[in-house]
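The structure under discussion appears below in the form of structure tokens.
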Amino acid sequence: MNIVVCVKYVPDAQADRTFSQDNTTDRTNVDGLLSELDEYAVEEALKLAEAGEGEVTVVTVGPDGAAEAIKKALQMGADKGVHVLDDAIHGSDAPATSLVLAEAVKKAAGGSPELVLMGLASTDGTMSVVPAMLAERLGLPQITQLSSLEIADGKVTGRRDSDAASDTLEAPLPAVVSVTDQINEPRYPSFKGIMAAKKKPVETWSLADLGVDAGQVGLESAWTKVESFTARPPREQGEIVTDEGDGGTKLAEFLAKAKLI
Amino acid sequence: MFELSKEHEEFRRLVRDFAEREVAPHVAQWDREHHFPTDLVPKMGELGLFGLVVPEEYGGAGLAEGGFTYLCLAIEELGRVDQSIGITLSAGVGLGINPILTYGNAEQKQRFLPDLVAGRALAGFGLTEPDAGSDAGATRTKATLADGNWTINGAKAFITNSGTDITSVVTVTARTGTDDKGRAEISAIMVPAGTPGFTAEPAYDKLGWHISDTHGLTFSDCVVPEGNLLGERGQGFKQFLKTLDDGRIAISALAVGLSQACLEAVTEYAKTRTAFGKPIAVNQGVSFQIADLAVMVEASRQLTYKAAWLKDELEAERRSVAEVKQAAAIAKLYSTEAAVSATRIATQIFGGNGFMEEYPVARFYRDAKILEIGEGTSEVQRMVIARGLGLPA
């Protein structure tokens, strides 16, 4: 099975993150990496490919540095990479990103892919909508947020866990599937993986290569705009309840006051 | 001149990531409980850490050259998070795998190396004895050959990775006779774990390196087949000497990791800890010490990787043994003494907190001292360096 995994290069969530002058995420002054939530999608693709026959292609849309996200996936074991790189993409929102991704996935798969895997959400935007948008653009069924996944008889089956219930979902292939961080334990690249990744093919495509009009993407075409932002105020000091034999009562009163019980 | 390549730095990031995710969260508890994390070893194996200097046929990386520098990077990065885990790798490769790889015959290599490289097993090397350290000629452990078997009697001290649940074999040096000049003939013999008469004594109660597995070993009429001789009879000590320089560079890398950890810890602490209404870093008494620490880290790192590079160049037959020996002793001496100073500075800057096990610098302080002792004390390094300068001894 040939699997396309869409991944995102994101600013390191551990670092101090800031915005650029145009209110987009600052990508230059913060170290970037493969979104950790996408590692689960890469791992799942590798497991599927290893279990049968097939190839794993990693696709990303992003700035220069996004090549690092592809490299990490190749080091983990993916077979080849595609980097869509075009200055006009800067500032794109989710609909525009899904448009570019759709064309890139089609081109990478040479028509229709058998399976498209994605993470739960990016660790920077955390919108979680791109898998659904991509499925719509590709005209494929979507199953999102799976915590288990199985491929058999031309179908993908999996479990989606929510607070109240777990659904078992099924879709015919080809399909777009997003997975959660519960589905597997992503592997670390091995030393051999690092060495092998250097020889794996990575193609860089522009919007023109994909036949996407630059006017449909980028900051100017975004459906939403970040007008301003303020840093979240630091957390306030908590309240210390001294237990003088009535700690339980005081705790209950505190929770009741906050309408938590 | 040498420099670390982009590949080296990428590999460093990989090991750092692994160490921070798989080791760091558990270290305080493991250290407190003196727990050797057997489960971590195969994970290190999957990363390829035990196979960096091993050919592909045994599951290693099969690098044409440059493998030793990668190994030092891995030791440094594991050592930055915990020294015990760093020494587990260093000893696992340098003392466990290397002697078998270098001196083993085809059957011995095939029997032991694949599991050792994969991290499914660990091996130890027993040279030191209660009464014989760097003075290996004083070895008392004896092996006598009769009816196609070696019978070993004696004791070894401070043997790393010798008593873990996955230890597969310990190679020991023993007197196997007397040469024609009346000197002890010392040979290396492989003793598989579980051989009757071979006992790993209860783990030592150590000042530091609580997570590392270290035992005294006793051999009491321990019988192994003649074929367990590793390398040539009578060459056991010489064979060991050849691996000594590698070990010194590896310990130097371990020391770099420790100094680096101290630098990071005090830089953060001095910026956030306030006294008299200001971060303590505004006091030059503090910031100058941190500046000195940064110099130590940089100098240690340069000396270490220069030595590692020379070792890799020696493998490629572009450098001499004497150059590597001198560079290894210089790096080991400086880096380990710097690491001890670094932990002293770090605990001092942490003040009372530095004396509390709640903060990692207390563990760093305990872990540092052995660096000046193991793989040849600082005094032995000075002897080697002086000899290298041609000074009469």
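The values are calculated or read from the model by the stated rules, or taken from the named source; none is laboratory data. The structure displayed is predicted, hence computed values, not measured ones. No Cβ is skipped: glycine too gets one built from the backbone with ideal geometry, and neighbour counts run over all protein chains shown. Accessible surface is based on the protein model in full, side chains and every heavy atom, while ligands, DNA and RNA are left aside. Shrake-Rupley method; radii C 1.70, N 1.55, O 1.52, S 1.80 Å.
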Please report the accessible area of B:Met356 (heavy atoms, 1.4 Å probe, ligands and nucleic acids excluded) in Å², nearest 10.
90
Can you pick out the pairs among A:Lys72/A:Lys199; A:Lys8/A:Lys192; A:Lys80/A:Lys198; B:Lys206/B:Lys325 whose Cα atoms lie more than 19 Å from each other?
A:Lys8/A:Lys192; B:Lys206/B:Lys325
How high is the relative contact order of chain A, given as a whole-number percent (alpha carbon pairs under 8 Å, six or more residues apart)?
23
Using a cut-off of 10 Å between beta-carbons, work out the net charge of the residues near A:Gly218 (Lys and Arg +1, Asp and Glu -1, A:Gly218 not included).
-4
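Using a 10 Å cut-off on Cβ to Cβ distances, tally the other chain neighbours for every residue of B:41-49 and report the average as a whole number. Present the calculation step by step, with values, prior to reporting the outcome.
Values: counts 0, 0, 2, 1, 1, 4, 8, 8, 2.
For this peptide, the per-residue mean of nearby foreign Cβ atoms is 3.
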From highest to lowest solvent-accessible area (probe 1.4 Å; ligands, DNA and RNA excluded), B:Phe288, B:Phe237, B:Phe219, A:Phe254 read B:Phe288, A:Phe254, B:Phe237, B:Phe219
Ranked from highest to lowest mean number of other Cβ atoms within 10 Å per residue, what is the order of the peptides B:83-90, A:95-102, A:230-237, A:134-141?
B:83-90, A:95-102, A:134-141, A:230-237
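Please give the net charge around A:Leu138, taking every other residue with its beta carbon less than 11 angstrom from that of A:Leu138, where Lys and Arg add +1 and Asp and Glu add -1.
Working: positive: A:Lys106, A:Arg137; negative: A:Glu103, A:Glu136.
Spelling it out: positives minus negatives among the neighbours equals 0.
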With just the Cα atoms defining each centre, how far is the stretch A:157-181 from the stretch B:78-154? Give it in Å.
51
For chain B, what D do you get in µm² per second when you plug the Kirkwood radius from alpha-carbon pairs into Stokes-Einstein at 25 °C and 0.890 mPa s?
114
I need the per residue convex hull volume for the stretch A:152-261, using only the alpha carbons, in cubic angstrom as a whole number.
360
When the scattering of the stretch A:1-46 is computed by the Debye formula from its Cα atoms alone, each counted once and equally, what is log10 I(q)/I(0) at q = 0.23 Å⁻¹?
-0.79
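Just check the stretch A:2-216 against the gyration tensor rule for me: Cα atoms, a ≥ b ≥ c as the square roots of the eigenvalues, rounded for a/c under 1.5, and otherwise prolate or oblate depending on whether a/b exceeds b/c. Display every interim value, and only then the final one.
Working: a/c = 1.33, a/b = 1.28, b/c = 1.04.
Rounded is the answer for the stretch A:2-216, as its axis ratio a/c remains below 1.5.
Do you know the relative contact order of chain B, to the nearest whole percent, from alpha carbon pairs under 8 angstrom that are 6+ apart? Intermediate values should be presented prior to the final figure.
Working: 728 pairs, mean separation 62.3, N = 393.
16 percent.
In the neighborhood of A:Thr24, defined by Cβ-to-Cβ distances under 14 Å, what is the net charge if each Lys or Arg adds +1 and each Asp or Glu adds -1?
Values: positive: A:Arg17, A:Arg27, A:Lys225; negative: A:Asp22, A:Asp26, A:Asp87, A:Asp93, A:Asp124, A:Glu220, A:Glu227.
Surrounding charge for A:Thr24 is -4.
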Can you sort A:Glu114, A:Glu185 by solvent-accessible area, 1.4 Å probe, largest first?
A:Glu185, A:Glu114
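With all protein chains present, how much of the accessible area of chain B (probe radius 1.4 Å) comes from carbon and sulfur, to the nearest whole percent? Intermediate results must be reported in sequence, preceding the final value.
Details: 8990 of 17030 Å².
Carbon plus sulfur share of accessible area: 53 percent.
Using only DSSP helix segments of four residues or longer, with each worth -39500 (n - 2.57), what per-residue ellipticity at 222 nm results for chain B after dividing by its residue count and rounding to 500?
Working: 12 runs with 193 residues, N = 393.
Rounded to the nearest 500, it is -16500 deg cm²/dmol.
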With only alpha-carbon pairs counted, each pair once and no self-pairs, how large is the Kirkwood hydrodynamic radius of the stretch B:1-150 in angstroms?
17.0
Please calculate how many Å² of accessible area the stretch B:134-201 carries per residue, with a 1.4 Å probe and no DNA, RNA or ligand atoms counted.
43
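Rounded, prolate or oblate, given the Cα gyration tensor of the stretch B:86-144, with a/c below 1.5 counting as rounded?
Values: a/c = 2.77, a/b = 1.57, b/c = 1.76.
Note, shape of the stretch B:86-144 comes out oblate.
Rank these residues by their accessible area, most exposed first, probe 1.4 Å: A:Trp223, B:Trp150, B:Trp209.
Details: A:Trp223 195, B:Trp150 5, B:Trp209 30 Å².
Listed by decreasing accessible area, they come as A:Trp223, B:Trp209, B:Trp150.
Shape verdict for the protein assembly as shown, please, from the Cα gyration tensor: rounded (a/c under 1.5), prolate (a/b greater than b/c) or oblate. Write out the running numbers ahead of the final one.
On the way: a/c = 1.99, a/b = 1.59, b/c = 1.25.
Verdict is prolate for the protein assembly as shown.
Which order do the peptides B:266-279, B:186-199 come out in when sorted by mean C-beta neighbours inside 10 angstrom, highest first?
Values: B:266-279: 13.9, B:186-199: 19.6.
The densest-packed peptide leads the list: B:186-199, B:266-279.
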